[in-house]
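Visitor: Let me begin by handing over the structure; questions about it come next.
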Amino acid sequence: MTDRAEARLNLSKATVLLLQNNQAELDILGQVFIGFGVKAIRKCLTLTEAEDCIKHGILFDLIIVDCDMAGGVGFDFVTRLRRMEENENRLTPIMLVSGHTAPSSIARARDCGANFVVAKPITPKTMFDRVMWLARETRQFVVTETYAGPDRRHKTFGPPAGIKGRRHDDVSAKLGKAGGPDMSQSDIDALLNPKRAAL
Amino acid sequence: MKTGNTFKYENRLAKSVVTRGGMSAAEALSSAQQAVELVRDPTIAEIDANLKEIYALGDQLKTVGGFDEAGLQQLYICANRVVAMGGVFGLGELGQAAYSLCELVSRFQTLQRFHGQMVQVHLDGLRLLRTPGDHPAAIREQVLAGLRQVATSVV
């Protein structure tokens with residue numbers, strides 16, 4: 001098992017798409033990834049450029065999208081991409097970067113299908129931590145009528161009390177009947193405080 | 001109710017986490033910081049350009065005196081750019097003041113309300129925090145705390 005403290009990042013073969021709302025922010029982000037060793041970076045300032053990259057056969061390992069684009073088009077881009085069933089990029093990890101978030105944008109950020117949101121300013125430290133986090137992402141992909149993207153539940157606590165789960169693997173919080181006789185107190189004690197057997 | 005489809009998929013980024021080769025966190029951060037330094041001057045110039053526009057919009061809003069939707073939206077956009085860039089090159093407190101201005105404008109937009117002095121005090125804060133070295137840390141903290149208090153008082 002790899003120790004997290006020893007993990008290294010090799011992005012030399014990764015292809016990254018950056019969609020930002022202005023040149024200065026795009027340049028900063030681009031420089032961060034150049035510093036991380038990424039050689040293939042597609043920098044886009046408009047939705048059209050980004051969609052062209054997606055549709056013309058480039059397979060991305062990571063996509064970073066600005067939440068602060070006019071009209072919230074960054075969210076729309078992610079939503080559309082997650083629905084492109086014929087395009088392999090729909091499963092690519094997507095990170096949203098956001099400055100101040102207006103109340104109207106919070107639900108859109110949650111529901112567009114991105115893996116997660118990172119607050120600006122984007123510093124090398126923040127980005128390294130988040131890329132590492134994304135690389136270890138193991139959540140399943142969910143497609144419903146209203147949402148397509150990684151499972152928004154980071155922990156599997158099951159559905160809230162009193163609500164029936166909507167997924168086949170949701171476990172009910174209600175306990176069923178016991179499958180056998182009750183354990184004795186000594187069995188319970190041994191379970192909670194196991195002692196080394198004297199051989 | 002129609003159920004959704006849930007499936008496991010290959011995370012292409014996972015192969016970038018390695019035990020040999022590549023970069024350690026320290027190496028990656030050092031390399032990235034060096035690369036980012038190359039855009040320091042244009043970024044600072046961009047921050048100053050946005051501040052200049054913010055100050056001009058502040059004057060414009062003062063003249064109008066009431067709720068000016070277009071002016072407020074432009075003020076929000078410029079301040080949000082300062083949020084994004086300020087912290088990259090040691091102007092993190094300027095970025096926080098800009099964030100507070102965004103919060104204030106956002107609340108004005110939601111409530112269709114406007115209060116010129118609340119904007120002006122933020123502009124004064126931005127001017128002060130643009131040169132953080134000229135002011136003691138305690139003063140800068142008080143200014144930021146005051147700005148946050150002003151912004152969150154709009155309910």
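Visitor: With a/c under 1.5 counting as rounded, go ahead and sort segment B:1-110 into rounded, prolate or oblate using the C-alpha gyration tensor (a ≥ b ≥ c being the square roots of the eigenvalues; past the cut-off, prolate if a/b is larger than b/c, else oblate).
Guide: Taking the square roots of the gyration eigenvalues as a ≥ b ≥ c, segment B:1-110 is oblate.
Visitor: Mind putting a number on the dipole of segment B:106-155 about its Cα centre? Charges go on the C-beta only, +1 for Lys and Arg and -1 for Asp and Glu, and I need it in Debye to the nearest 20.
Guide: 160
Visitor: As a quick test, which of the pairs A:13/A:155; A:39/A:155; A:55/A:155; A:43/A:120; A:120/B:52 have an alpha carbon distance above 23 angstrom in this structure?
Guide: A:13/A:155; A:39/A:155; A:55/A:155
Visitor: How about residue B:62: which aspartates and glutamates have a C-alpha closer than 16 Å to its C-alpha, ignoring those fewer than 8 places off in the same chain?
Guide: By straight Cα distance, residue B:62 reaches B:53, B:124.
Visitor: Turning to a different aspect of this structure: Could you rank B:122, B:135 by how accessible they are, 1.4 Å probe, largest area first?
Guide: B:135, B:122
Visitor: Kindly provide log₁₀ I(q)/I(0) values, in the same order as q = 0.15, 0.19, 0.26, 0.27 Å⁻¹, from the Debye equation applied to equal alpha-carbon scatterers of segment B:90-150.
Guide: Log10 of I(q)/I(0), two decimals: -0.42, -0.63, -1.05, -1.11.
Visitor: Using helices alone, what [θ] at 222 nm do you get for the protein assembly as shown, with -39,500 (n - 2.57) per DSSP H run of 4 or more residues, divided over all residues and rounded to the nearest 500?
Guide: Calculated at 222 nm, the ellipticity per residue is -15000 deg cm²/dmol.
Visitor: Output the relative contact order of chain B, whole-number percent, from Cα pairs under 8 angstrom with separation of 6+ residues.
Guide: Value for chain B: 20 percent.
Visitor: Among B:56, B:146, B:4, whose Cα sits farthest toward the positive end of the charge dipole of chain B (+1 at Cβ of Lys/Arg, -1 at Cβ of Asp/Glu, about the Cα centre)?
Guide: B:4
Visitor: I've got another one for you. What would the Debye formula give as log10 I(q)/I(0) at q = 0.13, 0.20 Å⁻¹ for the alpha-carbon point model of segment B:49-155, no solvent?
Guide: -0.41, -0.97
Visitor: Next question. For chain B, which span is the longest to avoid every loop-located (per DSSP) member of chymotrypsin sites (Phe, Trp or Tyr not before Pro) having at most 16 other Cβ atoms inside 10 Å?
Guide: Excluding the exposed sites themselves, the longest stretch runs over B:68-155.
Visitor: Using the charge dipole of chain A (Lys, Arg: +1 at Cβ; Asp, Glu: -1 at Cβ; taken about the Cα centre), state which of A:180, A:93, A:143 has its Cα farthest towards the positive end.
Guide: Among A:180, A:93, A:143, the one farthest towards the positive end of the dipole of chain A is A:180.
Visitor: Inside 10 Å of the C-beta atoms of A:124-130, what's the mean count of C-beta atoms belonging to other chains?
Guide: Mean inter-chain Cβ contacts per residue within 10 Å come to 4.
Visitor: Rounded to the nearest Å, what's the spacing between the alpha carbon centres of segment B:1-80 and segment B:118-155? Just the number, please.
Guide: Segment B:1-80 and segment B:118-155 have Cα centres separated by 22 Å.
Visitor: What would the Debye equation give as log₁₀ I(q)/I(0) for the protein assembly as shown at q = 0.09 Å⁻¹, counting only Cα atoms as equal point scatterers?
Guide: So the normalised log intensities are -0.62.
Visitor: Normalised by the residues of segment A:1-141, what does the relative contact order come to in percent, with Cα pairs under 8 Å and at least six apart?
Guide: The normalised contact order for segment A:1-141 reaches 21 percent.
Visitor: At a 1.4 Å probe radius, which order do A:80, A:153, A:139, B:81 fall into by accessible area, largest first?
Guide: A:80, A:153, B:81, A:139
Visitor: Among rounded, prolate and oblate, which fits segment A:51-134 when a ≥ b ≥ c are the square roots of the eigenvalues of its C-alpha gyration tensor, a/c under 1.5 means rounded, and a/b larger than b/c means prolate?
Guide: It comes out oblate by the Cα gyration axes.
Visitor: What aspartates and glutamates does residue B:15 reach when the alpha-carbon gap must be under 17 Å and sequence neighbours fewer than 8 apart in one chain are set aside?
Guide: Cross-link targets: A:3, A:6, A:61, A:88, A:129, A:137.
Visitor: Taking every residue in B:73-83, how many Cβ atoms of other protein chains lie within 10 Å of its Cβ, on average?
Guide: Mean partner shielding for this stretch: 3.
Visitor: Which one of A:10, A:122, A:109 has its Cα pushed farthest toward the positive end of the charge dipole of segment A:9-147, where Lys and Arg give +1 and Asp and Glu give -1 at the Cβ?
Guide: Final value for the positive-end residue is A:10.
Visitor: Now a separate question. With axes computed from alpha carbons, what is the tilt in degrees of helix B:40-64 against the longest principal axis of chain B, rounded to the nearest 10 within 0 to 90?
Guide: Roughly 30 degrees, rounded to the nearest 10.
Visitor: Using only atoms on other chains, find how many Cβ atoms lie within 10 Å of each Cβ of peptide A:89-99 and report the average.
Guide: Neighbouring Cβ atoms belonging to other protein chains average 3 per residue here.
Visitor: Could you tell me whether segment A:91-134 comes out rounded, prolate or oblate from its Cα gyration tensor? Rule is a ≥ b ≥ c as square roots of the eigenvalues, rounded for a/c under 1.5, then prolate if a/b exceeds b/c, otherwise oblate.
Guide: Oblate shape, in that a/c is at least 1.5 and b/c is the bigger or equal ratio.
Visitor: How would B:30, B:16 line up by accessible area, probe 1.4 Å, largest first?
Guide: B:30, B:16
Visitor: Between the DSSP loop rule and a limit of at most 11 other Cβ atoms within 10 Å, which chymotrypsin sites (Phe, Trp or Tyr not before Pro) in segment A:121-164 are left?
Guide: A:157
The values are calculated or read from the model by the stated rules, or taken from the named source; none is laboratory data. Quick caveat, the model's predicted, so the values are computed rather than measured. When we count neighbours, we look across all protein chains shown, and the Cβ atoms used for this are built from the backbone with ideal geometry, even at glycine. Only protein heavy atoms, including side chains, enter the accessible area calculation; ligands, DNA and RNA are left aside. Shrake-Rupley method; radii C 1.70, N 1.55, O 1.52, S 1.80 Å.
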